[in-house]
1. So what's the net charge close to residue 13: Lys and Arg +1, Asp and Glu -1, counting the other residues with Cβ under 15 Å from its Cβ?
2. Near the amide H of residue 13, under 5 Å away, which other amide H atoms are found, from residues 5 or more places off or on another chain, if H is placed in the peptide plane?
3. Please give the length that would be gained between residue 38 and residue 23 if that part of the chain were fully extended, namely 0.36 nm times their separation in residues minus their C-alpha to C-alpha distance (nm, one decimal).
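No lab work stands behind these numbers, since they all come straight from the coordinates. On a predicted model such as this, the values are computed, not experimentally measured, just so you know. Heads up, the Cβs are rebuilt from the backbone with ideal geometry, glycines too, and the neighbour counts pull from every protein chain shown.
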Amino acid sequence: MAKVRYIGAEPVAVPELFGYERFIQPDEVVTVPDDRFDGYVCQAQTWEPVEEPPGWNIPERADDDPAPALASLGRDEGVLKKSAVKKTAAAKVEPQKGD
C-alpha cells in the first residue's frame, strides 16, 4: 500500500478510504490502495506522495530523445480538425419505390 499526505486547508472525508464517519486532517498521512495512488498524487494541490507503491515510477526520458518543444509546432499542428463530410452518389439517388 502507498502513502500520501493530505495538504488541504480543511478536514475532509474520503469515503473511498474511511467512509463518511472519519475525517482526514490537514498534514495527515494516510495509506491508499496502490492502484489508486495516481488518482491522489495527480491532485497536487490536495495530496503529496509520501511512499510510492512497489514498482511505481515515472519512466525517465533518455538524453538522446529530447521532448519536442511546444514552440516548434506550426499553427495547425497538433490540432484535431473535424473532417468535411462528403456526399457520395449513393446519397443523392432518389429512394426506389417498392414493387
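1. Net of charged neighbours comes to -3.
2. Long-range HN contacts for residue 13: 24.
3. Working: separation 15, 0.36 × 15 = 5.40 nm, distance 2.10 nm.
3.3 nm is the gain from fully extending residue 38 to residue 23.
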